[in-house]
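Undergrad: Sending over a structure as structure tokens; questions will come in a sec.
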Amino acid sequence: MVQAWAEAPNYYECTNGKDISLKLRYLSRPNVPATTTLSLKLGKKTYKADETNIEAQSSVMGELNTITTQFIPDVEIHKVSFIIPTIDLGYNFAGQFISEVDFNSQLIQTTIATPFIAGPYIGVVNNSNYANLKCKAYLQLIP
């Protein structure tokens, strides 16, 4: 019988098939600090981030990852978030190595109103737009 084992993917690619694409990589090797990198393309703009710029929160849906794409003091903050569900890849009990899987997700573009005004801001404070994503998770074994 084969020894089954599973671990989380370390590379993700997502797209909406039009103007959004993202690549997220977790790199971990012995004796080298682990790194996380994100490349996100929204229309004609490309954003790059590493673990110091990515806010990650665990939830029942998986991991919600967020980056700030624009900050306009006393006006608004633009953030982009996307969900990575919990996924396990590796060897199953039949001895098959499953190194990739397709999944669906969403990308959320949020504008947070932060106006410098007297009194409370009236209206939608955290306005969001949602885009459906087709994604693929990979388990890349790195020597």
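The values are calculated or read from the model by the stated rules, or taken from the named source; none is laboratory data. Only a predicted model underlies this, so the values are computations on that prediction, with no experimental measurement involved. Here Cβ is always computed from backbone atoms with ideal geometry, including for glycine, and neighbour counts include all displayed protein chains. Surface accessibility is based on the protein's heavy atoms, side chains included, excluding ligands, DNA and RNA. Shrake-Rupley method; radii C 1.70, N 1.55, O 1.52, S 1.80 Å.
Undergrad: Working only within the range 10-58, note down all residues that are closer than 16 Å to residue 102 by Cα, in contact with a Lys or Arg (Cβ under 6 Å, 6 or more places away or on another chain) and open to solvent by less than 50 Å² (accessible area, probe 1.4 Å).
TA: Result: 11, 21.
Undergrad: What do you reckon, is residue 138 at pLDDT 95 or above and hydroxyl-bearing (Ser, Thr, Tyr)? Lay out the reasoning, then the answer.
TA: Working: at pLDDT 95 or above: yes; hydroxyl-bearing (Ser, Thr, Tyr): yes.
Answer is yes for this residue.
Undergrad: OK, next. Where residues in the range 68-90 are part of a strand (DSSP E or B) and of a type in the set (A, V, I, L, M), which of them is surrounded by the fewest Cβ atoms within 10 Å (Cβ to Cβ)? First the steps, then the outcome.
TA: Taking the range 68-90 as the starting set, the residues that turn out to be part of a strand (DSSP E or B) are 68-72, 76-84, 89-90.
Okay, now just the ones that are also of a type in the set (A, V, I, L, M), so 72, 77, 80, 83-84, 89.
Working: 72: 11, 77: 16, 80: 22, 83: 19, 84: 20, 89: 20.
Only one residue tops the list, namely 72.
Undergrad: Which condition breaks for residue 137 when tested against (1) of a type outside the set (S, T, N, Q); (2) open to solvent by 90 Å² or more (accessible area, probe 1.4 Å); (3) within 16 Å of residue 25 (Cβ to Cβ); (4) in contact (Cβ under 8 Å) with a residue 24 or more places away in the chain?
TA: The number of the failed condition is (2).
Undergrad: Going residue by residue through the range 59-67, is there one that turns out to be exposed (fewer than 14 other Cβ atoms within 10 Å of the Cβ), more than 11 Å from the chain's Cα centre (by Cα), in a loop (DSSP other than H, G, I, E, B) and not charged (D, E, K, R)?
TA: Among the residues of the range 59-67, at least one is exposed (fewer than 14 other Cβ atoms within 10 Å of the Cβ), more than 11 Å from the chain's Cα centre (by Cα), in a loop (DSSP other than H, G, I, E, B) and not charged (D, E, K, R), which makes the answer yes.
Undergrad: Give me the residue from the range 100-127 that is of a type in the set (S, T, N, Q) and at pLDDT 95 or above and, out of that set, surrounded by the fewest Cβ atoms within 10 Å (Cβ to Cβ). Give the derivation first.
TA: Filtering the range 100-127 down to residues of a type in the set (S, T, N, Q) leaves 104-106, 109-111, 114, 126-127.
If we keep only those that are at pLDDT 95 or above as well, we get 104-106, 109-110.
On the way: 104: 11, 105: 19, 106: 15, 109: 16, 110: 17.
Top of the filtered list is 104.
Undergrad: Go through the residues of the range 91-111 one by one and say whether even a single one is free of Cβ contacts under 8 Å to residues at least 40 places away in the same chain, closer than 22 Å to residue 136 by Cβ and not in a strand (DSSP E or B).
TA: Yes.
Undergrad: Still on this model: Please work out which residue is nearest to residue 121 (Cα to Cα), limiting yourself to the range 36-58 and to residues that are outside any strand (DSSP E or B) and among the β-branched types (Val, Ile, Thr).
TA: Taking the range 36-58 as the starting set, the residues that turn out to be outside any strand (DSSP E or B) are 43-44, 51-54.
Then drop every residue that is not among the β-branched types (Val, Ile, Thr), which leaves 52, 54.
On the way: 52: 31, 54: 28 Å.
This residue is 54.
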